[in-house]
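The values are calculated or read from the model by the stated rules, or taken from the named source; none is laboratory data. Note that the coordinates shown come from a computational prediction; the quantities given were computed from them, not determined experimentally. All Cβ positions, glycine included, derive from the backbone under ideal geometry; neighbour counts span all protein chains shown. Note: accessible area is taken over every heavy atom of the protein model, side chains too, but ligands, DNA and RNA are not part of it. Shrake-Rupley method; radii C 1.70, N 1.55, O 1.52, S 1.80 Å.
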Number of protein chains: 2
Amino acid sequence: MRRDIFQAVADPTRRAIVLLLAVQAMTPNSIAEHFDTTRQAVSKHLRILSECELVKQQQQGREIYYHLEAEKMKEIEAWLEKFRQIWQTRFSQLDEVLEQLKKKR
Amino acid sequence: MRRDIFQAVADPTRRAIVLLLAVQAMTPNSIAEHFDTTRQAVSKHLRILSECELVKQQQQGREIYYHLEAEKMKEIEAWLEKFRQIWQTRFSQLDEVLEQLKKKR
DNA sequence: TATATAAGCAACCATTTGGTTTCGCAAATA
DNA sequence: TATTTGCGAAACCAAATGGTTGCTTATATA
């Protein structure tokens with residue numbers, strides 16, 4: 001079972017949940033109220049978000065507050081950064097080549 | 001059929017393909033050589049990447065070069081930025097509240 | 001104490017996914 | 001011209017996904 005943050009954020013409902021939880025910790029029921037879906041469906045999304053540790057639970061009486069582990073988002077940034085480096089290096093290499101061609105003329 | 005960039009980069013093989021194509025445009029066969037998979041499987045991934053316009057084709061004889069549309073990556077950055085703003089605002093609001101409490105004492 | 005509420009869990013279902021094999025077409029090459 | 005090569009498309013398959021309904025447990029409240 002693939003379960004990484006990219007998989008977690010692939011679903012639009014889960015992305016919306018992440019943004020919701022970025023504002024404040026919430027219970028499954030209160031999250032579900034923001035969407036056109038059932039609590040159980042939200043619960044499943046929360047489980048996936050929990051499994052890749054993007055979200056943590058905090059029991060409070062019979063309610064469970066889910067709050068965001070914002071640090072985890074850095075994994076996405078890290079990949080983007082990796083991409084950006086490759087993309088930039090690619091151009092700088094081209095620059096070097098062009099620079100070489102210039103000198104030879 | 002959901003087909004957005006988040007869906008596109010949800011698969012680890014597709015993320016690897018994106019990084020490969022960030023270095024240089026490649027044909028399906030040469031891409032497949034970098035992975036433990038068939039050309040057809042790569043072809044399917046390329047189709048998905050094409051559908052969300054993260055990749056463009058360029059026919060050259062009987063070969064088709066796939067190159068990255070790096071601009072598309074900004075959609076991921078945009079969402080991350082949105083998240084970051086919410087996350088930061090959340091803290092600045094807390095700061096304001098604390099600031100208020102301080103003054104009242 | 002009886003009832004209402006919050007939530008996880010399991011079973012089920014339709015659809016999507018990632019992969020394979022097979023095929024046909026077009027371009028290159030012998 | 002005959003053959004090889006590069007490719008997409010279609011048919012098929014097992015597994016995963018997103019959703020539903022029904023159940024149980026635990027906490028709060030009348």
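Any idea how many residues of segment A:1-12 are surrounded by 14 or more Cβ atoms within 10 Å (Cβ to Cβ) and near DNA strand D (Cβ under 8 Å from one of its atoms)? Residues flagged as surrounded by 14 or more Cβ atoms within 10 Å (Cβ to Cβ) and near DNA strand D (Cβ under 8 Å from one of its atoms) within segment A:1-12 amount to 3. Answer with yes or no whether residue A:37 is over 14 Å from the mean Cα position of the chain (by Cα) and either within 21 Å of residue B:10 (Cα to Cα) or more than 10 Å from DNA strand C (Cβ to nearest atom) (or both). Answer is yes for this residue.
Tell me, yes or no, whether segment A:58-72 has at least one residue that is at pLDDT below 95 and under 20 Å from residue B:83 (Cβ atoms). Looking through segment A:58-72, none of the residues is at pLDDT below 95 and under 20 Å from residue B:83 (Cβ atoms). Of all residues in segment A:15-40, those that are in contact (Cβ under 8 Å) with a residue 12 or more places away in the chain, open to solvent by less than 40 Å² (accessible area, probe 1.4 Å) and within 11 Å of DNA strand D (Cβ to nearest atom) total 2. Of the residues making up segment A:44-64, at least one is charged (D, E, K, R) and more than 16 Å from DNA strand D (Cβ to nearest atom).
To keep it simple, each residue is scored yes or no on (1) among the hydrophobic types (A, V, I, L, M, F, W, C); (2) within 11 Å of chain B (Cβ to nearest Cβ); (3) under 30 Å from residue A:4 (Cα atoms).
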residue	(1), (2), (3)
A:79	yes, yes, yes
A:88	no, yes, yes
A:94	yes, yes, no
A:97	yes, no, no
A:100	no, no, no
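For segment B:41-87, how many residues meet the condition of being open to solvent by less than 50 Å² (accessible area, probe 1.4 Å), more than 16 Å from DNA strand C (Cβ to nearest atom) and among the aromatic types (Phe, Trp, Tyr)? Summing the residues that are open to solvent by less than 50 Å² (accessible area, probe 1.4 Å), more than 16 Å from DNA strand C (Cβ to nearest atom) and among the aromatic types (Phe, Trp, Tyr) in segment B:41-87 gives 2. I need the full set of residues from segment A:46-77 which are among the small types (Gly, Ala, Ser) and in contact with a strand residue (DSSP E or B) (Cβ under 9 Å, 6 or more places away or on another chain), in order please. Within segment A:46-77, just A:50 meets the criteria. Which one is farthest from residue A:83 (Cα to Cα) among residues in segment B:1-34 that are within 11 Å of DNA strand C (Cβ to nearest atom) and among the small types (Gly, Ala, Ser)? Ranking the candidates gives B:32 first. The helices (runs of 4 or more DSSP H) falling completely within segment A:1-71 that include 2 or more residues that are more than 14 Å from chain B (Cβ to nearest Cβ) map to A:28-33, A:39-51.
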